[in-house]
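The values are calculated or read from the model by the stated rules, or taken from the named source; none is laboratory data. The structure displayed is predicted, hence computed values, not measured ones. FYI the Cβ positions are ideal-geometry reconstructions off the backbone, even for glycines, and counts take in every protein chain you see.
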Amino acid sequence: MNDFIDWLIATWQALVEWFYGVCLFVINALMWLSLQVFSLILEGFRHVFSMIEPPDFIQGGISGFSSAIPNDVAYLLGVTGFADALAIIGLGYTFRLTRKLLTLFQW
């Protein structure tokens, strides 16, 4: 009788290990599939964004804007920290838009 119980326990343990292996395989397959779908979505976004042409004033660069500013005004803007202020405002907008994008426009 002990041999039968030992065989039954070993069979049950093998069945549980097999079921655990199947569950791990399914979970890994679903994770791989979701990563592949996410990768394709990101490639689609990249393709769409690469097709958008930048406006003409951006193609000229910021040097076109800065060359039109007189030297006195450029010095005043540099001394007052205008560039740092614009950088902080730009970071704020970037954070806000990134937060909206990552939360799927919930906020």
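Just the residues that are surrounded by 10 or more Cβ atoms within 10 Å (Cβ to Cβ) and either in contact (Cβ under 8 Å) with a residue 24 or more places away in the chain or of a type outside the set (Lys, Arg) (or both), please, taken from the range 94-104.
Across the range 94-104, the qualifying residues are Thr94, Phe95, Leu97, Thr98, Leu102.
Residues to consider are Ser50, Ser66; find the one that is exposed (fewer than 10 other Cβ atoms within 10 Å of the Cβ), assigned to a helix (DSSP H, G or I) and of a type in the set (S, T, N, Q).
Checking each option against the conditions leaves just Ser50.
Would you tally the residues in the range 77-107 being under 19 Å from Phe45 (Cα atoms) and of a type outside the set (Phe, Trp, Tyr)?
Counting residues in the range 77-107 that are under 19 Å from Phe45 (Cα atoms) and of a type outside the set (Phe, Trp, Tyr) gives 9.
Yes/no per residue for (1) in contact with a strand residue (DSSP E or B) (Cβ under 6 Å, 6 or more places away or on another chain); (2) at pLDDT 90 or above; (3) hydroxyl-bearing (Ser, Thr, Tyr):
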residue	(1), (2), (3)
Pro55	no, no, no
Ile58	no, no, no
Gly64	no, no, no
Ala74	no, no, no
Val79	no, yes, no
Phe82	no, no, no
Tyr93	no, yes, yes
Leu102	no, no, no
Trp107	no, no, no
